[in-house]
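The next block holds one structure in the form of structure tokens; read it before the comments.
The values are calculated or read from the model by the stated rules, or taken from the named source; none is laboratory data. In this text, all values refer to a predicted model and were calculated from it rather than measured experimentally. Cβ sites come from the backbone with ideal geometry, for glycine too, and all protein chains shown count toward neighbours. We work out accessible area using only protein heavy atoms, side chains counted, and drop any ligands, DNA or RNA first. Shrake-Rupley method; radii C 1.70, N 1.55, O 1.52, S 1.80 Å.
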Amino acid sequence: MSLVRIEASDLRNIESASFTPSLRLNFLVGPNASGKTSLLEAIYLLGRARSFRTPQVNQLIRFGQPALTVMGKIEGDERSFPIGIRVARGQREIHLAGRTVQSSAELIRAFPVLIIQPASVTLLEGAPKQRRQFLDFGVFHEDPGYLDHWRRYVKVLSQRNILLRENRLRELPPWTHELARYGTIIANARQRYAESLEPFFWAMGKHFFSKAPFEIRLHAGWDTTKSLESILQQEIATDVRQGYTQSGPHKGDFSVILADRPVKAYLSRGQMKLLVYALLLAQSRLMEERTGAAGCVLIDDVASELDDHNKQRLLALLGEGQTQYFVTATRRDIIEDSLDSDAAVFQVEHGQLTRA
Ligand SMILES: Nc1ncnc2c1ncn2[C@@H]1O[C@H](COP(=O)(O)OP(=O)(O)OP(=O)(O)O)[C@@H](O)[C@H]1O
Ligand SMILES: [Mg+2]
């Protein structure tokens, strides 16, 4: 599945830009503030209906304009279809294959996009929420029932929390039962996903690290030597005191372990970054393997904080497989060695692109 055409208008410094990318490797090259990240934002918006830099998607609208639009054409093995998004202040409209759709879930399924950027290192260094989102994005693409289970879980969780806060203990048992049921399904699905991701993670990690394979250690969100239902029952008194449910997959997390130590504690910053890149590329490879053709991977500021050797290894990796990449760099010489016949270079200046 590839993006074969893209048109963006009034997005950050892009007044109007359109281009026909390569189905494999695309390099966006230009000086600082030329609009490279803005172009990646345009593609990300098409696949996720949100920004990768700000929770306020409105901030992407070009100053002084009422709305932004991004339109794209997706081509897969069997079908091709248009997708589009319009963001006006306080309003978002998603178009998919000629229909207006309400939920971004359909878009996310139709056009999977991953972003790798310098700030991605927070995936392993930051709060657990980001790691849960990483897992959930992967499981969502693997398991058609996952979204529905997740939505039910969230609904039951919020109802149970209301009962806890209002001390309505007699009404609690059926909600506890349902929460445990969906919570266990979610944790099991995440576990299966982590297991299928691990070999891909090793394969990617091997390009940057010579040491023993990394382990993805999942934390379900409760002590799994017991059932979630028994834990929830055991914790009712503290849940009531705190006014919310302490255990369950909404508290899930994972850590990466190397030789029995959590990597977070001792890898260098550059190594952490490479490890996160390996993890994200593994997710995209797994998706490619399972769905036949992955969506696309955006890599912003590819050279940032990587030494020449690792940067070359990373770029060499992008030459494999079927995934479509959009990679930004400030200078052409950064990417020169990885230019093959499948690669396209676009020069970005003042929010405009030209094929170089
Ligand atoms: N809402 C907006 N409206 C107009 N311009 C904006 C808006 N938001 C950001 N900009 C400007 O758009 C320009 C392009 O930003 P962008 O982040 O795309 O640059 P870049 O090419 O990625 O630069 P760098 O190499 O420094 O990362 C910047 O000058 C930025 O200040
Ligand atoms: Mg940038």
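Label sites at R151 and R79, each approximated as a point 7 angstrom past Cα along Cα to Cβ, lie 1.9 nm apart. Q117 sits among other residues whose Cβ lies under 9 Å from its own Cβ, and their net charge, with Lys and Arg +1 and Asp and Glu -1, is -1. Note on the range 175-231 and the range 8-25: Cα centroid distance 38 Å, given to the nearest whole angstrom. Counting only DSSP beta bridges with both residues in the chain, the antiparallel share comes to about 70 percent. Other residues whose C-beta falls under 11 angstrom from the C-beta of P249 contribute a net charge of +1, scoring Lys and Arg +1 and Asp and Glu -1. Rounded to the nearest 20, the size of the Cβ-charge dipole of the chain about its Cα centre is 1020 debye, with Lys and Arg at +1 and Asp and Glu at -1. Within the accessible surface of the chain, defined with a 1.4 Å probe on protein heavy atoms only, the carbon and sulfur portion equals 49 percent. Using 0.36 nm per residue and subtracting the Cα-Cα separation, the extra length available between R109 and R331 on full extension is 76.5 nm. Against the chain, whose longest principal axis comes from its Cα atoms, helix 146-165 is set at around 50 degrees. Taken about its Cα centre, the range 187-243 carries a charge dipole of about 260 debye when Lys and Arg each add +1 at the Cβ and Asp and Glu each add -1 at the Cβ. What's the center-to-center distance, using Cα atoms, between the range 87-102 and the range 156-170 in Å? What the calculation gives is 35 Å, centre to centre. Once the Cα atoms are used to define both axes, helix 308-318 deviates from the longest principal axis of the chain by about 80 degrees.
Its relative contact order, with pairs defined as Cα atoms under 8 Å and 6+ residues apart, puts the chain at 27 percent. What does the charge count near G319 come to, summing +1 for each Lys or Arg and -1 for each Asp or Glu among other residues with Cβ under 12 Å from its Cβ? The answer is -2. Cross-link partners of K311 among lysines, defined as those whose alpha carbon lies under 20 angstrom from its own and excluding same-chain residues fewer than eight positions apart: K36, K206, K211, K273. Helix 36-48 axis versus longest C-alpha principal axis of the chain: approximately 50°, rounded to the nearest ten. Modelled label positions at Q56 and E125, each set 7 Å beyond Cα in the direction of Cβ, lie 2.5 nm from each other.
Model label sites at R170 and T291, defined 7 Å from Cα along the beta-carbon direction, differ in position by 5.0 nm.
Cross-link partners of K226 among lysines, defined as those whose alpha carbon lies under 27 angstrom from its own and excluding same-chain residues fewer than eight positions apart: K129, K155, K251.
The range 307-345 and the range 115-130 have their alpha-carbon centroids 22 Å apart.
Rolled with a 1.4 Å probe across the full set of protein chains, the surface gives M204 an accessible area near 10 Å². Is the C-alpha gyration tensor of the range 119-290 telling us rounded, prolate or oblate? Criteria: a/c under 1.5 is rounded; beyond that, a/b larger than b/c is prolate, otherwise oblate. Prolate, because a/c is 1.5 or more and a/b exceeds b/c. For the modelled label position 7 Å from the Cα of H309 along Cα-to-Cβ, which residues of the range 200-226 have backbone nitrogen atoms closer than 17 Å? Answer for this model: 205-212.
In this structure, the amide hydrogen of S22, modeled 1.01 Å from its nitrogen in the peptide plane, lies closer than 5 angstrom to those of A344, counting only residues at least 5 positions away or on a different chain. In sequence order, the range 190-205 has phi-based couplings of 5, 4, 4, 5, 4, 5, 6, 6, 3, x, 5, 5, 4, 4, 6, x Hz under the Karplus curve 6.51 cos²θ - 1.76 cosθ + 1.60, θ = phi - 60°, and Gly or Pro positions carry x.
Given R0 = 35 Å, the distance between the Cβ atoms of E349 and R86 translates into a calculated FRET efficiency of 0.85.
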